[in-house]
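What follows is one structure encoded as C-alpha coordinates, with my remarks underneath.
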Amino acid sequence: GSVVASYPYDDSPTHKPTGVYSKSADDEVFKYLAKAYASHHPIMRTGKPNCPGEEGETFQDGITNGAQWYDVEGGMQDYNYVWANCFEITLELSCCKYPPTSELQQAWENNRDSLLAFIEKV
(Lines give C-alpha, C1' and ligand atoms only; values in the text may rest on other atoms or scores of the structure.)
Protein backbone atom coordinates (compact mmCIF):
# COMPACT_ATOMS: atom_id res chain seq x y z
CA GLY A 1 0.00 0.00 0.00
CA SER A 2 0.78 3.66 -0.12
CA VAL A 3 -0.97 7.01 0.13
CA VAL A 4 -1.41 8.28 -3.44
CA ALA A 5 -3.99 8.84 -6.18
CA SER A 6 -3.06 6.84 -9.27
CA TYR A 7 -4.54 7.32 -12.73
CA PRO A 8 -4.44 5.52 -16.13
CA TYR A 9 -2.73 4.02 -17.73
CA ASP A 10 -1.35 1.38 -15.37
CA ASP A 11 -0.02 -0.60 -18.32
CA SER A 12 2.66 0.60 -20.73
CA PRO A 13 3.59 -0.53 -24.23
CA THR A 14 7.10 -1.53 -23.08
CA HIS A 15 5.98 -3.30 -19.87
CA LYS A 16 9.03 -2.00 -18.05
CA PRO A 17 8.44 -2.60 -14.34
CA THR A 18 8.53 1.11 -13.46
CA GLY A 19 9.25 4.61 -14.74
CA VAL A 20 7.25 4.70 -17.99
CA TYR A 21 4.63 7.45 -18.19
CA SER A 22 1.72 5.87 -20.02
CA LYS A 23 -0.47 8.77 -21.11
CA SER A 24 -4.14 8.27 -21.92
CA ALA A 25 -6.16 10.46 -24.27
CA ASP A 26 -7.82 11.97 -21.19
CA ASP A 27 -4.61 12.45 -19.21
CA GLU A 28 -5.41 16.02 -18.12
CA VAL A 29 -8.86 15.02 -16.84
CA PHE A 30 -7.39 12.13 -14.86
CA LYS A 31 -4.70 14.36 -13.34
CA TYR A 32 -7.36 16.93 -12.45
CA LEU A 33 -9.50 14.32 -10.66
CA ALA A 34 -6.52 12.75 -8.88
CA LYS A 35 -5.33 16.17 -7.68
CA ALA A 36 -8.85 17.04 -6.52
CA TYR A 37 -8.66 14.10 -4.14
CA ALA A 38 -5.00 14.34 -3.15
CA SER A 39 -4.99 18.08 -2.47
CA HIS A 40 -7.53 17.68 0.35
CA HIS A 41 -5.81 14.74 2.05
CA PRO A 42 -3.37 15.73 4.83
CA ILE A 43 -0.82 13.01 4.00
CA MET A 44 -1.42 12.45 0.29
CA ARG A 45 -0.98 16.11 -0.62
CA THR A 46 2.56 16.11 0.79
CA GLY A 47 3.61 13.49 -1.75
CA LYS A 48 5.51 11.71 1.01
CA PRO A 49 3.52 8.76 2.37
CA ASN A 50 6.51 7.59 4.46
CA CYS A 51 5.48 3.95 4.30
CA PRO A 52 7.67 1.44 6.17
CA GLY A 53 10.27 0.05 3.80
CA GLU A 54 9.48 2.76 1.21
CA GLU A 55 10.42 5.88 3.20
CA GLY A 56 12.07 7.51 0.18
CA GLU A 57 9.08 7.07 -2.13
CA THR A 58 7.56 10.38 -3.25
CA PHE A 59 4.73 11.45 -5.53
CA GLN A 60 4.53 14.99 -6.86
CA ASP A 61 1.26 16.55 -5.65
CA GLY A 62 0.31 13.16 -4.16
CA ILE A 63 -0.60 11.68 -7.56
CA THR A 64 1.03 9.33 -10.06
CA ASN A 65 0.49 7.84 -13.45
CA GLY A 66 0.01 4.15 -12.75
CA ALA A 67 2.64 2.77 -15.15
CA GLN A 68 5.15 5.38 -14.07
CA TRP A 69 4.83 4.07 -10.53
CA TYR A 70 4.74 0.39 -11.53
CA ASP A 71 3.43 -1.41 -14.61
CA VAL A 72 0.25 -3.46 -14.18
CA GLU A 73 -0.96 -5.41 -17.17
CA GLY A 74 -4.72 -5.97 -17.27
CA GLY A 75 -5.63 -3.64 -14.41
CA MET A 76 -9.25 -2.76 -13.69
CA GLN A 77 -9.00 1.01 -14.16
CA ASP A 78 -7.41 0.56 -17.60
CA TYR A 79 -9.91 -2.10 -18.61
CA ASN A 80 -12.90 0.01 -17.59
CA TYR A 81 -11.49 3.09 -19.31
CA VAL A 82 -10.74 1.32 -22.61
CA TRP A 83 -13.73 -1.03 -22.82
CA ALA A 84 -16.49 0.78 -20.91
CA ASN A 85 -15.44 4.45 -21.16
CA CYS A 86 -15.40 4.70 -17.35
CA PHE A 87 -13.07 7.22 -15.81
CA GLU A 88 -11.51 5.67 -12.72
CA ILE A 89 -8.62 6.55 -10.49
CA THR A 90 -7.12 4.25 -7.90
CA LEU A 91 -6.84 5.58 -4.37
CA GLU A 92 -4.15 4.06 -2.20
CA LEU A 93 -5.30 5.18 1.25
CA SER A 94 -2.89 3.51 3.63
CA CYS A 95 0.55 1.97 3.83
CA CYS A 96 -1.19 -0.95 5.52
CA LYS A 97 -3.63 -3.04 3.47
CA TYR A 98 -5.61 -3.98 6.58
CA PRO A 99 -5.35 -1.19 9.15
CA PRO A 100 -6.38 -2.02 12.70
CA THR A 101 -9.82 -0.95 13.85
CA SER A 102 -8.24 1.62 16.15
CA GLU A 103 -6.99 3.55 13.07
CA LEU A 104 -10.24 3.62 11.09
CA GLN A 105 -11.63 6.84 12.61
CA GLN A 106 -8.42 8.71 11.71
CA ALA A 107 -8.50 7.20 8.22
CA TRP A 108 -12.03 8.55 7.79
CA GLU A 109 -10.95 11.99 9.01
CA ASN A 110 -8.02 11.97 6.57
CA ASN A 111 -10.26 11.07 3.62
CA ARG A 112 -13.59 12.80 4.28
CA ASP A 113 -12.77 16.18 2.69
CA SER A 114 -10.97 14.47 -0.19
CA LEU A 115 -13.96 12.28 -0.92
CA LEU A 116 -16.35 15.23 -0.86
CA ALA A 117 -14.07 17.26 -3.17
CA PHE A 118 -13.82 14.31 -5.56
CA ILE A 119 -17.59 13.81 -5.60
CA GLU A 120 -18.07 17.50 -6.37
CA LYS A 121 -15.77 17.23 -9.39
CA VAL A 122 -17.49 14.12 -10.71
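The residues neighbouring Leu115, those whose beta-carbon lies less than 12 Å from its own, together hold a net charge of -1 under the Lys/Arg +1, Asp/Glu -1 convention.
Here is the short version for the chain: Cys86, Cys96 have no other Cys C-beta closer than 4.7 Å.
Loop-located chymotrypsin sites (Phe, Trp or Tyr not before Pro) across the range 23-108 with a Cβ neighbour count of 16 or fewer within 10 Å are Tyr70, Phe87, with loop assigned by DSSP.
Quick one: net charge around Tyr7, please, counting Lys, Arg +1 and Asp, Glu -1 for every other residue with C-beta under 11 Å from its C-beta. Its environment carries a net charge of -3. If Lys and Arg each add +1 and Asp and Glu each add -1, what is the summed charge of the other residues whose beta carbon sits under 13 Å from the beta carbon of Val20? My count for the surroundings of Val20 gives -2.
Taking the Cα atoms of the chain, the ratio Rg/Rh between the radius of gyration and the Kirkwood radius comes to 0.97.
Accessible surface comparison of Lys23, Lys31, Lys16, probe 1.4 Å, protein chains only, largest first: the order is Lys23, Lys16, Lys31. A 1.4 Å probe over all protein chains sorts Asp26, Asp113 by accessible area into Asp113, Asp26, starting with the largest.
Shown here for the range 27-122: GluC sites (Glu not before Pro) in loop regions (DSSP other than H, G, I, E, B) with at most 14 other Cβ atoms within 10 Å, namely Glu55, Glu73.
The values are calculated or read from the model by the stated rules, or taken from the named source; none is laboratory data. Fair warning: this is a prediction, and the values are worked out from it, not measured in the lab. Every residue, glycine as well, gets a Cβ built from its backbone with ideal geometry; the counts of neighbours run over all protein chains shown. The area values use the complete protein model at the heavy-atom level, side chains included, leaving out ligands, DNA and RNA. Shrake-Rupley method; radii C 1.70, N 1.55, O 1.52, S 1.80 Å.
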